[in-house]
Structure formats: structure tokens, C-alpha cells
1. If neighbour count is taken as other Cβ atoms inside 10 Å, put 73, 124 in order from fewest to most.
2. Give me the extension gain from residue 125 to residue 30: residue separation times 0.36 nm, minus the current Cα-Cα distance, reported in nm with one decimal.
3. Using a 7 Å offset from the Cα along the Cα-to-Cβ direction at both residue 91 and residue 62, what is the distance between the two label points in nm, to one decimal?
4. Measure of size requested: the Rg and Dmax of region 74-118, with Cα atoms as the atom set and Å as the unit; please supply both.
5. What percent does the relative contact order of the chain come to when contacts are Cα pairs within less than 8 Å and at least six residues apart?
6. From the helices alone, meaning DSSP H stretches of at least four residues, give me the mean residue ellipticity at 222 nm for the chain, per-run term -39500 (n - 2.57), in deg cm²/dmol to the nearest 500.
7. For 143, 125, what's the fewest-to-most ordering of other Cβ within 10 Å of each Cβ?
8. If you build a Gaussian network model of the chain, linking Cα atoms that sit under 10 Å apart, which residue out of 78, 105, 27 swings the most?
């Protein structure tokens, strides 16, 4: 959960949230399998949100168990699409997402209003055996202010 005062204060009505896992955490994905996870934000404050951004961090890979592949570009094999309703916010790989700057999201978000974002992650169909047993981690920072 992320409230409109997280990382800010009641008087500034600003939030910064970094602990939302939106890649679904499925460690048993296979090539071409898509995993979708939705994050819904609610402006619990009394002022509209005027600025709302999503800033991706670096995508890093690590081993997931005792038997692991040797690939070193796992983040480039994770296809990511971020949508809000019919609007595509981002489409590319997790590696290219990491290279993006802050992405402006739909605003204003009225007091009490909600906005949902769906993250769909797909392991590239060309990911062979060298990608088995690997996992990715990518921080994202959501920032909102009135």
C-alpha cells in the first residue's frame, strides 16, 4: 500500500513509494508465458494529484536456485508492457525500461479517485537453456504530488 503522504507529509500531499513488486514474482516462467499484475492507486488525500511519475531503476539478474543458466543478459529477454486502461505507458524490455527516465502518468488524479496500471512480463520465446534458473529484480519509484 502506498498512501498520498508516504515520503512526504500531510501539508505537502506528496508520496514516494518504492516497495511495490509488479513483475508478479513468478519464478517458474517459461518462454512466451505472460504474467500480468495490476497496481491500483487511490488518492486518499483531499487535493488532486497534479504530478504522478514512475521512475525505473536498474534491472539486475541473479541465480534462482542451485542449477542456473550462464546467460548474462536476462533483463534483455524480459518483455515488459505497462498499460493503464487502453493506454500503453511503456513497451520494451526490462533492460530498456531501466534506461528510461521518469515516465509521466495520467494526471490530475482527483481526491478519492483511482488509477490502475497493469504490468505484463513475458519471457522471450527465444530464451534457451542458458536462461533457465535466472531471475530479475528491478526497483521502481512511484512519485505523486499535488
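1. 73, 124
2. 33.4 nm is the gain from fully extending residue 125 to residue 30.
3. Here the modelled spin labels are 3.2 nm apart.
4. Calculated on Cα positions, Rg and Dmax stand at 12.6, 40 Å.
5. Computed value for the chain: 40 percent relative contact order.
6. -500 deg cm²/dmol
7. 125, 143
8. 27
Here, each number is a calculation from the coordinates, and none is a lab measurement. Just so it is clear, the structure is predicted and the values come from calculations on it, not from any experiment. When we count neighbours, we look across all protein chains shown, and the Cβ atoms used for this are built from the backbone with ideal geometry, even at glycine.
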